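Since the structure comes first, as structure tokens, the remarks are kept for the end.
The values are calculated or read from the model by the stated rules, or taken from the named source; none is laboratory data. Only a predicted model underlies this, so the values are computations on that prediction, with no experimental measurement involved. Cβ placement follows ideal geometry from the backbone for every residue including glycine, while neighbour counts extend to all protein chains displayed.
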Amino acid sequence: NEKKLTPFEEIGEEKLYRLVDTFYSLVAQHPDLAPIFPNQFSEIARKQKQFLTQYLGGPPLYTQEHGHPMMRARHLPFPVTPTRARAWLSCMNQAMDIIGLEGLIREEFYARLYLTAQHMINTPDVGE
Ligand code: HEM
């Protein structure tokens, strides 16, 4: 009776939380991203841990506290340009390197994040 692990179980809560904290420490230093985020990253990191837990097949922590994710709608107040989507993905890729997330699980997770990030784009780049 082989039961397939969810990506959340495979990565593990401890490593996922470390990924999110590392990711936001990089976002905070990124010149294209820092200006559109609040100075305090503790609340957004807490929400992102809840969201990614359920995104990866773990318990629906985000929905329990905040309702339907509607991620594109929740990003509409913030100008998400193609440049910022690239920056977001670059911070995530670096964070995966730093915490040592490797192999197929990383490739699949990153590929999904790549698609979700494209979906969040709501503003064109200007002056190019
Ligand atoms: C919230 C930027 C992609 C998940 C936010 C916020 C900003 C932001 C500025 C609001 C911070 C605040 O509370 O003031 C971006 C940019 C992206 C991006 C520039 C580039 C594509 C993503 C992706 C995901 C994601 C791909 C999920 C896989 C979240 C979550 C929140 C959030 C869960 C919290 C929503 C809430 O308030 O409940 N993002 N984001 N974001 N973002 Fe993104």
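Values as computed for the structure displayed
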{"quantity": "Pairs where the first residue, in the stretch 71-89, is under 13 Å from Asp125 (Cα atoms) and the second is acidic (Asp, Glu) and exposed (fewer than 15 other Cβ atoms within 10 Å of the Cβ), C-beta under 8 Å, 6+ apart", "calculated": "Thr81/Asp125; Pro82/Asp125; Thr83/Asp125"}
{"quantity": "Hits in the stretch 41-65 - residues which are within 7 Å of the ligand (Cβ to nearest atom) and β-branched (Val, Ile, Thr)", "calculated": "Ile44"}
{"quantity": "Matching residues, the stretch 86-122, being among the polar types (S, T, N, Q) and either within 21 Å of Phe8 (Cβ to Cβ) or away from the ligand (no atom under 15 Å from the Cβ) (or both)", "calculated": "Asn93, Thr116"}
{"quantity": "Residues satisfying the stated conditions in the stretch 90-107, i.e. exposed (fewer than 14 other Cβ atoms within 10 Å of the Cβ) and outside any helix (DSSP H, G or I)", "calculated": "Gly100, Glu102"}
{"quantity": "Pairs where the first residue, in the stretch 40-58, is aliphatic (A, V, I, L, M) and surrounded by 14 or more Cβ atoms within 10 Å (Cβ to Cβ) and the second is assigned to a loop (DSSP other than H, G, I, E, B) and at pLDDT below 95, C-beta under 9 Å, 6+ apart", "calculated": "Ile44/Pro38"}
{"quantity": "Number of positions in the stretch 1-32 that are touching a residue at least 40 places away in the same chain (Cβ under 8 Å), closer than 24 Å to Glu108 by Cα, of a type outside the set (Ser, Thr, Tyr) and not in a helix (DSSP H, G or I)", "calculated": "0"}
{"quantity": "Single condition Tyr62 does not satisfy, out of (1) assigned to a helix (DSSP H, G or I); (2) touching a helix residue (DSSP H, G or I) at 6+ places or on another chain (Cβ under 6 Å); (3) closer than 21 Å to Ala111 by Cα", "calculated": "(3)"}
{"quantity": "Number of positions in the stretch 71-84 that are outside any helix (DSSP H, G or I) and either of a type in the set (Lys, Arg) or near the ligand (Cβ under 9 Å from one of its atoms) (or both)", "calculated": "5"}
